[in-house]
1. Check L287 against each of (1) without any contact (Cβ under 8 Å) to a residue 40 or more places away in the chain; (2) closer than 18 Å to L381 by Cβ; (3) surrounded by 18 or more Cβ atoms within 10 Å (Cβ to Cβ) and name the one condition it does not meet.
2. Quick check on this structure: which one of L397, L390, L356 is buried (at least 18 other Cβ atoms within 10 Å of the Cβ) and not aromatic (F, W, Y)?
3. Do any residues in region 350-361 that are farther than 13 Å from A43 by Cα have Cβ atoms under 8 Å from those of residues that are modelled with pLDDT under 80 and among the basic types (K, R), where the two are at least six apart or on different chains, and which pairs are they?
4. Just need a number here: residues in region 237-272 that are among the acidic types (D, E) and either touching a residue at least 12 places away in the same chain (Cβ under 8 Å) or crowded, with 24+ Cβ neighbours inside 10 Å (or both).
5. If I filter region 370-385 down to residues being more than 15 Å from A42 (Cα to Cα) and not polar (S, T, N, Q), which single residue comes out as surrounded by the most Cβ atoms within 10 Å (Cβ to Cβ)?
6. Can you say whether A161 is in contact (Cβ under 8 Å) with a residue 12 or more places away in the chain, in contact with a Gly (Cβ under 7 Å, 6 or more places away or on another chain) and within 27 Å of A250 (Cβ to Cβ), as far as the supplied structure shows?
7. What is the number of the single condition among (1) part of a helix (DSSP H, G or I); (2) under 23 Å from A181 (Cβ atoms); (3) among the small types (G, A, S) that G45 does not meet?
8. Which residues, taken from region 302-317, are in contact with a helix residue (DSSP H, G or I) (Cβ under 6 Å, 6 or more places away or on another chain) and of a type in the set (F, W, Y)?
Amino acid sequence: MNRAAAHYPRVSLYAGMLAAAGLPLYIHLPRFASVELGLDLAALGALLLALRLIDLVQDPLLGWVVDRWPNAQGALALSAALGLSLGFLMLFTLPSGHSSILRLAAILVLLFTAYSLGTILLYGRSASLALTADNSGLLHLAAYREAGILAGVVVAASAPAVFAELGAARDGYPAFGMALAALALLAAVLCRPLWRRPVRAAQALTFAALRQSGALRLLCLGLLNSLPVAITATLFLFFVQDRLALDALAGAFLVLFFLSAGISVPVWTRISRRAGVRRTLLWGMPLAIFSFLGAALLSPGDALGFAVICVTSGAALGADMVLLPALFSITLTQSGLQASLAFGLWSLVGKLGLALAAFAVLPMLAYFGFAPATENPPAALAALTAGYCLIPCILKLGAWTMVWSLPKETSSS
């Protein structure tokens, strides 16, 4: 048991390394690709959706591979870290100017594949990495894992601004890529003991078993709930810099948002142990809805108002990040199902949400004439406000309704 407890900081480190290829990539990529690489926003949105089509086959296949060869998990984890290291370095050191979209696509395929493999391993091995495979043990593991993810997100989201402030060239992006590459290599070395733990036996995953266990409904919930976060992540820098005219505070707002999420994780974990996961989600999701509505009412230059929005929406994100994957893991473990293939599907719906968000909102902004870092017409800024605030509010309300429809006995999980 002590040996398992010693693994928890490694779980956080590996999760933090993976986190840099999640939300922060979607936060920085639209601006980096449009401003630094000279790519059109509509073309970038179409590219991200096309890459997600690869995941329709790739993520479940990676999950099947992890389940099929459990003794190879160490080599697979190392491959994921090395792929992220190389991908980060190649992406953010692309030369300025009009870069080939095919070259960008190849790099993103490498990054997304490595991210999928690492994420499937980390989540699919929850029952093996937890102190105990009961609900409390899985929630405890989830708290460490999601805390690591949020720490990684905070560092990755704010790092380019920090590097730029220190004098790094090209808004700090090349230095950012080199730092992420080094982090991935460090995690690959320090986290090797994680993958030596024995894998718990489980029955093969089938569609019927997925449906009967209730996991299929949770996959649908995961997809719908990922959309508001994906849209706001994609448009965050545009909203802060072009709608609120608070360019200098963009990095600070990102740090505040994810710090709030990180601080809220142990709070939501403790509440869920007392009230149940379902009821805790029903309490946490309205925070996001009110935050989206509040952001729509802000005026340019309202730094204090947006800081409050960052705190409340960050706390809502903390609930989503720790409780939904834990609920999915609990459902799989209680049903005795293999988790890696299932979390391959979970990874797929999360990334599909990010791609659908980019495919929907980036062309919409282009249609209304929005262009980053320029003087935009009122119609373009109104479209940006609708995309960042109102559309996520509607989607989050739909996700809250789905949680409400979950069986009440699920709350005991």
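The values are calculated or read from the model by the stated rules, or taken from the named source; none is laboratory data. What you see is a predicted model, and the numbers here were worked out from it, not measured in a lab. When we count neighbours, we look across all protein chains shown, and the Cβ atoms used for this are built from the backbone with ideal geometry, even at glycine.
1. (2)
2. It is L356.
3. K351/R52; L352/R52; L354/R52; L356/R52
4. Summing the residues that are among the acidic types (D, E) and either touching a residue at least 12 places away in the same chain (Cβ under 8 Å) or crowded, with 24+ Cβ neighbours inside 10 Å (or both) in region 237-272 gives 1.
5. Only one residue fits best here, namely L381.
6. Numbers: in contact (Cβ under 8 Å) with a residue 12 or more places away in the chain: yes; in contact with a Gly (Cβ under 7 Å, 6 or more places away or on another chain): yes; within 27 Å of A250 (Cβ to Cβ): yes.
Yes.
7. That leaves (2) as the condition not met.
8. none
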